[in-house]
Amino acid sequence: MSMPHLVEKAATATTHDHRQEHGGQWYQSSMLESKWMQHAGGRGVWQSELESRIGTDENKLFFKLHTEQAESQQAEYEAQVLYSRMISDFWDIQGGVAYQQEDQTSAQQWRGVVGLHGLAPYFFETEAYLSLAEDQQVQLSLDTERDFLLTQKLILAPYLQAKLVLSDESAQAQKTGLNQLQTGLQMRYEISKKVMPFVDVAYGYHKGLAQTAQQDATESEQGWQYGAGLRLKF
């Protein structure tokens, strides 16, 4: 083989696109979880979470929707769009925007969000976010969960969800400090990798609203919750 052909073959080999073999392929996945939670005082709440992601291992877009409706109350919901960039084998840094409508005040709000998504030590799947909005609203949130396989199909998942309000000068201000906390155990059964019914037992705490010119302060609420639901992956 002549020297020019050898040079051309070597150049082709060195410029081969290996992204398909090393995390460059595109993929999409979604998870929908809906559950009915009964509070110790008898109040029931319907909660749904939808999360969809699309992109590569290194760069992804996350779409998240949370809805919650208590009995005899209007539904509240929160939608997020986040860009996610891998910064290590186990962590992504994320940033984007969130839109929220609350049930108690019907207030609508846009927030900027930045945070981390990944696996903490001992394989706790973790999301930690800082959110900023007008009227000096600054919040920190943490959501972490760990799966323990009791059998190939039966899974026990302890979880923790917390929200810390650092400041809030809005007309519908929340009390500062640890404002919300929910910790519990979810037991789910994998009928398949796509269909997973579960039962849920949790302890919840909500600090309530602060006194402002447009609203009265509310008392904190806490107590046990229990319920059941269904998780779908597609």
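The values are calculated or read from the model by the stated rules, or taken from the named source; none is laboratory data. Please read all numbers here as calculations on a predicted model, not as lab measurements. Counting neighbours? That spans all protein chains shown, and the Cβs are built from the backbone with ideal geometry, glycine included.
Numbers at a glance
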item	result
Residue ID - modelled with the highest pLDDT, chosen from residues in region 108-145 that are loosely packed, with under 15 Cβ neighbours inside 10 Å and of a type in the set (Phe, Trp, Tyr)	110
Among (1) assigned to a strand (DSSP E or B); (2) out of contact with any Lys or Arg (no Cβ under 9 Å at 6 or more places or on another chain) - the single one residue 170 does not satisfy	(1)
Residues being under 19 Å from residue 98 (Cα atoms) and in a strand (DSSP E or B) - total across region 136-167	14
Residue satisfying all of: in region 146-161; of a type in the set (A, V, I, L, M, F, W, C) and surrounded by fewer than 16 Cβ atoms within 10 Å (Cβ to Cβ); nearest to residue 190 (Cα to Cα) among these	154
All positions within region 118-135 that are part of a loop (DSSP other than H, G, I, E, B) and farther than 16 Å from residue 91 by Cβ	134, 135
Residue among 62, 90 that alone is out of contact with any helix residue (DSSP H, G or I) (no Cβ under 8 Å at 6 or more places or on another chain) and under 25 Å from residue 166 (Cβ atoms)	62
Count of region 187-234 residues which are part of a loop (DSSP other than H, G, I, E, B) and surrounded by 18 or more Cβ atoms within 10 Å (Cβ to Cβ)	3
